[in-house]
1. Just checking, which of Leu114, Leu89 is surrounded by 16 or more Cβ atoms within 10 Å (Cβ to Cβ), closer than 22 Å to Pro193 by Cβ and touching a residue at least 12 places away in the same chain (Cβ under 8 Å)?
2. Take Thr55 and tell me if it is open to solvent by 50 Å² or more (accessible area, probe 1.4 Å), more than 26 Å from His149 (Cβ to Cβ) and either under 19 Å from the mean Cα position of the chain (by Cα) or in contact (Cβ under 8 Å) with a residue 40 or more places away in the chain (or both).
3. Anything in the range 56-102 that is closer than 27 Å to Thr116 by Cβ and among the β-branched types (Val, Ile, Thr)? List them, or say none.
4. So which residues in the range 161-192 are of a type in the set (A, V, I, L, M), open to solvent by less than 10 Å² (accessible area, probe 1.4 Å) and closer than 25 Å to Lys118 by Cα, if there are any at all?
5. Return the residues of the range 92-111 that are of a type in the set (Lys, Arg) and buried (at least 16 other Cβ atoms within 10 Å of the Cβ); say none if nothing qualifies.
6. If I filter the range 208-218 for residues that are modelled with pLDDT of 95 or more and farther than 23 Å from Ile105 by Cβ, do I get at least one hit?
7. Looking at Ile62 and the list (1) within 21 Å of Tyr131 (Cβ to Cβ); (2) surrounded by 21 or more Cβ atoms within 10 Å (Cβ to Cβ); (3) in contact with a strand residue (DSSP E or B) (Cβ under 7 Å, 6 or more places away or on another chain), which single condition is not satisfied?
Amino acid sequence: MENILGKLTVYDIAVCADIFSSAGTRRDITNRNWYGLIFSTKGKVNYYHNGSVYTTDENHFILVPQKSTYYLVCEQEDVGPVLNFYCNLNLDKFMSFEFSDRQIIGDAEKVVTLWTDKRPGWQLTAKSLIYKILSALFDGNRNTIFPTHVKTAISFIYKNYGDCTLDNAQIAASANISQIYLQKEFIKYIGQPPQKFLQKIRINNAAELLVSGTLTVSDISQKTGYASVYHFSRAFKNIMGMSPLQYRKSSGIM
């Protein structure tokens, strides 16, 4: 693996998002468009490729080759960042990684944020974070640990993003910290305020529901925490650049 990392060059960043999967969900992927780093933050997903099984959970993530054909089955309800990119590797099988440093998840979330916001210079920063994620596997002396209170707050958001009344006071209380400290820690570790992170989770999960199910736009807006279809559609278009119905007609991201 160390030789592979030494040869890795990331050319371009493709779609990056947090993906929600319900328990029992199966997806079949044919001729995958990009290389991908796939994470789980609370559940478990099995990926079946060429007779082997690769798992993502709280302690494992995978590198999926471009042009691969496989299927996945969600064993436990899950949500996690998926980082898609073009690179110079020539892999024909999945690679699985075990990790314990939760900052890796934080770095992956930052890449999703960078892709969503697309501010000047975002690609350079996103590429550096992908290199950092892989490099971290070989560095046993990292000092930056994803704090427990940040993990708790993120987990609370994932579990409650469908509640349209969810606010910073509730999120901070779940982690037993102040709202001011919550704001500071999210900007430090996630790269954005908690409410913006919440909106990203809602929109990304709405996008997944749009391309993988038959729920109406109204149903999806309620399921993802929006008080009205109008506010949902406006927020969706601001982030995705198209309406929910236009997005439904587009292809999935995995």
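The values are calculated or read from the model by the stated rules, or taken from the named source; none is laboratory data. The structure presented is a predicted model; accordingly, all values stated were derived computationally and were not measured. No Cβ is skipped: glycine too gets one built from the backbone with ideal geometry, and neighbour counts run over all protein chains shown. Side chains included, ligands, DNA and RNA excluded: accessible areas come from the protein's heavy atoms. Shrake-Rupley method; radii C 1.70, N 1.55, O 1.52, S 1.80 Å.
1. Values: Leu89 fails: closer than 22 Å to Pro193 by Cβ.
None of the other options fit; the residue is Leu114.
2. Details: open to solvent by 50 Å² or more (accessible area, probe 1.4 Å): no; more than 26 Å from His149 (Cβ to Cβ): yes; either under 19 Å from the mean Cα position of the chain (by Cα) or in contact (Cβ under 8 Å) with a residue 40 or more places away in the chain (or both): yes.
When the stated conditions are applied, Thr55 does not pass them.
3. Passing the criteria: Thr56, Ile62, Val64, Val79, Val82.
4. Scanning the range 161-192 gives Leu182, Ile190.
5. If we filter the range 92-111 for residues that are of a type in the set (Lys, Arg), which is where we start, we get 93, 102, 110.
Answer for the range 92-111, where residues must be of a type in the set (Lys, Arg) and buried (at least 16 other Cβ atoms within 10 Å of the Cβ): Arg102, Lys110.
6. Our first condition is that a residue be modelled with pLDDT of 95 or more; within the range 208-218, this holds for none.
No: the range 208-218 contains no residue that is modelled with pLDDT of 95 or more and farther than 23 Å from Ile105 by Cβ.
7. All conditions are met except number (2).
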